1. Can you compute the modelled spin-label distance between ASP209 and MET171, with each label point 7 Å from Cα toward Cβ, in nm?
2. If you take the charge dipole of the chain about its Cα centre, with +1 on Lys and Arg Cβ and -1 on Asp and Glu Cβ, which of VAL134, GLN238, THR110 is farthest toward its positive end?
3. Over the Cα atoms of the range 56-170, what radius of gyration and what Dmax do you get, in Å?
4. Sort by residue number and name the cysteines in the chain that have no neighbouring cysteine Cβ under 4.7 Å.
5. Where the accessible area of the range 1-125 is counted over protein heavy atoms with a 1.4 Å probe, how much of it, in %, is carbon and sulfur?
6. Can you tell me the dipole magnitude for the chain around its Cα centre, using point charges on the Cβ only (Lys, Arg +1; Asp, Glu -1), in Debye to the nearest 20?
7. If you take every residue apart from ALA63 with its C-beta less than 13 Å away from the C-beta of ALA63, what net charge results, scoring Lys and Arg +1 and Asp and Glu -1?
8. For LYS160 and ARG18, what is the calculated FRET efficiency with R₀ set at 22 Å and r taken between the beta-carbons, to the nearest 0.05?
Amino acid sequence: MSHTLFISDLHLCESQPRTTRLFLDFARNTAPQADALYILGDLFEYWAGDDDLNTPFHQQIIAAIRELSKKVTPVFIMHGNRDFLMDEQLAQSCQATLLTDPTLLDLYGTATLLTHGDALCTDDTEYQAFRQQVRQPAWRNSFLAQPLAQRKAQIEQLRKMSEEQKQTKAMEIMDVSPAAVAELFRAYHYPRLIHGHTHRQKHHLHEVDGRTCDRWVLGDWHDTGNALRCDAAGCSFQKLE
């Protein structure tokens with residue numbers, strides 16, 4: 001049956017070879033059966049800029065996506081909070097399409113809204129302030145003007161600080177805000193919603209303005225791979241090992 005696959009939060013990096021093998025196997029054996037593959041953010045653990053395309057590790061991932069998109073399955077990539085600096089040079093190398101966040105599509109007759117999900121975590125005001133800062137063109141241009149090695153060192157420092165801050169934050173703060181979710185449903189006329197970011201794989205039903213709305217949360221690839229498979233009959237999670 002015709003179907004589309006959605007994944008997110010792989011956090012691919014050289015220090016996680018098992019996750020890399022899972023993704024390469026997925027790209028080679030599972031994804032080619034789909035009508036399209038959507039990667040909804042944090043494909044990489046971090047992305048310091050498109051001038052970092054040519055490392056052997058990045059080339060391995062890019063080649064797998066390019067082979068998939070070139071032969072059978074269109075690939076669409078959305079920025080995450082870790083790899084928001086991905087740009088057109090990366091997309092062209094992968095022969096993939098970069099998506100704006102959010103993106104609304106007609107999926108087998110059902111309006112479906114795609115987002116990474118971090119913008120919905122509005123209770124984490126500290127993170128939202130940081131997110132707003134680094135998404136500004138002026139910040140982006142200034143950061144990318146620095147040497148690649150310097151950028152990577154800064155990102156490593158920011159990641160360390162982020163992990164330390166997580167230890168002091170309540171789990172609820174780092175999840176999506178019900179009010180933000182309801183507002184997004186209203187803004188796009190109550191579509192099905194698919195997102196990642198929180199790593200809390202689950203299917204939720206929301207009652208918004210007298211309507212029942214679906215929200216599908218994609219899981220991370222920390223222990224095993226996983227995907228959301230959607231077709232004309234609906235959606236279901238798939239475990240990838």
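1. Reported label-point gap for ASP209 and MET171 is 3.3 nm.
2. Value computed over the given set: GLN238.
3. 16.7, 47
4. So, CYS13, CYS94, CYS121, CYS213.
5. Numbers: 2340 of 4940 Å².
That share works out to 47 percent.
6. Working: 24 positive and 32 negative charges, 62 e Å.
Result for the chain is approximately 300 debye, rounded to the nearest 20.
7. Working: positive: ARG28, ARG66, LYS70, LYS71; negative: GLU67.
Neighbourhood net charge equals +3.
8. Values: r = 23 Å, r/R0 = 1.04.
After rounding to 0.05, the efficiency reads 0.45.
The values are calculated or read from the model by the stated rules, or taken from the named source; none is laboratory data. Treat the numbers as computed from the prediction; the structure is a model and nothing was measured. Methodologically, a virtual Cβ is constructed for each residue, glycine included, from the backbone with ideal geometry; neighbour enumeration extends over all protein chains shown. Ligands, DNA and RNA are stripped out before the accessible areas are found, and what is left, the full protein with its side chains, is counted by its heavy atoms. Shrake-Rupley method; radii C 1.70, N 1.55, O 1.52, S 1.80 Å.
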